[in-house]
1. Nearest 0.05, what FRET efficiency do C:M108 and C:A139 give at R0 = 25 Å with Cβ-Cβ as r?
2. Compute the separation of the alpha-carbon centres of the stretch A:19-35 and the stretch C:57-122 and state it in Å as a whole number.
3. For the stretch B:1-52, rounded, prolate or oblate, judged on the Cα gyration tensor with a ≥ b ≥ c (square roots of eigenvalues), a/c < 1.5 rounded, else prolate if a/b > b/c?
4. Longer than 19 Å from Cα to Cα, which of B:K4/B:K135; B:K100/C:K4; A:K21/B:K136 are they? Say none if no pair is.
5. Over the whole of B:58-64, what's the average partner chain Cβ count within 10 Å per residue? Rounded to a whole number, please.
6. Is there a quick way to get the dipole size of the protein assembly as shown? I mean about its Cα centre, with the Cβ of Lys and Arg at +1 and of Asp and Glu at -1; what is the value in debye to the nearest 20?
7. One decimal, nm, shortest first: give the distances between the label point of B:T49 and those of the same position in the other copies, each label point 7 Å from Cα along Cα→Cβ.
8. Using a 10 Å cut-off on Cβ to Cβ distances, tally the other chain neighbours for every residue of C:6-15 and report the average as a whole number.
Amino acid sequence: IGEIQRFIRDDGTVKVSRSLKEMANKIRRAKEELSKTYGRVPTVNEIAEHLELSPEDIILAQEANRNPSSIHETVYE
Amino acid sequence: MKNKMEIQFSALSQNESFARITVAAFIAQLDPTMDELTEIKTVVSEAVTNSIIHGYENDPNGVIYIAVILDGDTIELTIRDEGIGIDDVEEAKQPLFTTKPELERSGMGFTIMENFMDEIHVISHQGEGTIIRLKKHLARNKALCN
Amino acid sequence: MKNKMEIQFSALSQNESFARITVAAFIAQLDPTMDELTEIKTVVSEAVTNSIIHGYENDPNGVIYIAVILDGDTIELTIRDEGIGIDDVEEAKQPLFTTKPELERSGMGFTIMENFMDEIHVISHQGEGTIIRLKKHLARNKALCN
Ligand SMILES: Nc1ncnc2c1ncn2[C@@H]1O[C@H](COP(=O)(O)OP(=O)(O)O)[C@@H](O)[C@H]1O
Ligand SMILES: Nc1ncnc2c1ncn2[C@@H]1O[C@H](COP(=O)(O)OP(=O)(O)O)[C@@H](O)[C@H]1O
Ligand SMILES: [Mg+2]
Ligand SMILES: [Mg+2]
């Protein structure tokens, strides 16, 4: 499974919908983790630094988890 | 320092996500908490959905306008449509009031906007469209307040 | 189906990443590959940076305009400023050509735009501003390529 995950991460031909969803799960976990560490809800920059991503990427990825079908649907319409 | 942006987009339901991300990405400059961000995205969703389903009654030729001004810790958010407008704004703002009960809408859109933002002003005229002006001050010294 | 959006924002360097994400969020609807998305974000960065540092020479009162039209698998991207404009567009497009060598700019902005997009048209008049029109067709049958 580790191999597959690395493949998904490294291969730029993977669809955005899939890649962002993976990132969104990491963000959710980071939010929980940092909330415990700080005893309060983390800011966007704190999450971004923790995951070594830009704040804007955090925002884009987070949206992918909200509506599982929204990004994908248009392809099949 | 002031920073300003404006967007406009087709009144299509898939653009709700786009609007949420765009507003969130812009206010990310003020380093809000993840919760503040969620609140503002929810407000954007409610207002944009209203413009799509009520204002333009799902006509994709409609155009929705959003403007955001950042001034210090204050966010000024304006969401505007040129749709059918609201007959009685005070009535529309009442919790649970809805003109589309058949859509399983909750009638809580305006209530959510009022709760998540510090100020709300609604300007609407029938046949002309609707402008929602919202303001929110982000909490300073987040580490201390929590 | 066609989908359209337009944004405008202050010519501040912190808005470069806002512009990247806004365009990315909009074209995410076509579910491009990560590579395609990265290419388009890079193109937006190059064009927006040019408008900020060349067009407006870092004057934050400048306004940058971006329009995106999605039509099937085609992306039409327009980036516009009302800055100083380009004297000789053909010369400006040459690889390594730059009018600001002191800034450690690479002179590769236009070359990158040409390489990552299928079409580029530059309209510019001195003292009036610059319009960059770009087109890209996303690869079809993406599901099969995975
Ligand atoms: N942009 C708009 N254009 C026209 N009417 C609107 C608009 N926004 C809200 N309304 C009216 O206000 C009512 C209440 O809105 P809201 O509180 O969001 O509840 P809901 O959307 O669930 O009906 C709507 O049912 C509609 O009649
Ligand atoms: N929006 C613009 N407004 C005015 N001049 C521009 C603009 N974009 C590009 N230019 C001119 O074209 C040249 C080449 O641009 P580019 O290939 O991006 O290289 P660089 O930005 O590194 O100089 C710039 O040095 C500048 O003189
Ligand atoms: Mg509503
Ligand atoms: Mg450049």
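The values are calculated or read from the model by the stated rules, or taken from the named source; none is laboratory data. In this text, all values refer to a predicted model and were calculated from it rather than measured experimentally. Note that each Cβ is placed from the backbone with ideal geometry, even for glycine, and that neighbours are counted across all protein chains shown. Ligands, DNA and RNA are stripped out before the accessible areas are found, and what is left, the full protein with its side chains, is counted by its heavy atoms. Shrake-Rupley method; radii C 1.70, N 1.55, O 1.52, S 1.80 Å.
1. Working: r = 24 Å, r/R0 = 0.98.
It comes out at approximately 0.55.
2. 35 Å
3. On the way: a/c = 2.52, a/b = 1.48, b/c = 1.70.
Taking the square roots of the gyration eigenvalues as a ≥ b ≥ c, the stretch B:1-52 is oblate.
4. Numbers: B:K4/B:K135 14 Å; B:K100/C:K4 27 Å; A:K21/B:K136 30 Å.
Correct reply: B:K100/C:K4; A:K21/B:K136.
5. Details: counts 0, 0, 4, 0, 0, 3, 1.
Partner-chain Cβ atoms within 10 Å, mean over residues of B:58-64: 1.
6. On the way: 38 positive and 62 negative charges, 209 e Å.
I would put it at about 1000 debye.
7. List, nearest first: 4.0 nm.
8. Details: counts 6, 8, 6, 7, 7, 0, 5, 0, 5, 6.
Shielding by partners across C:6-15 averages 5.
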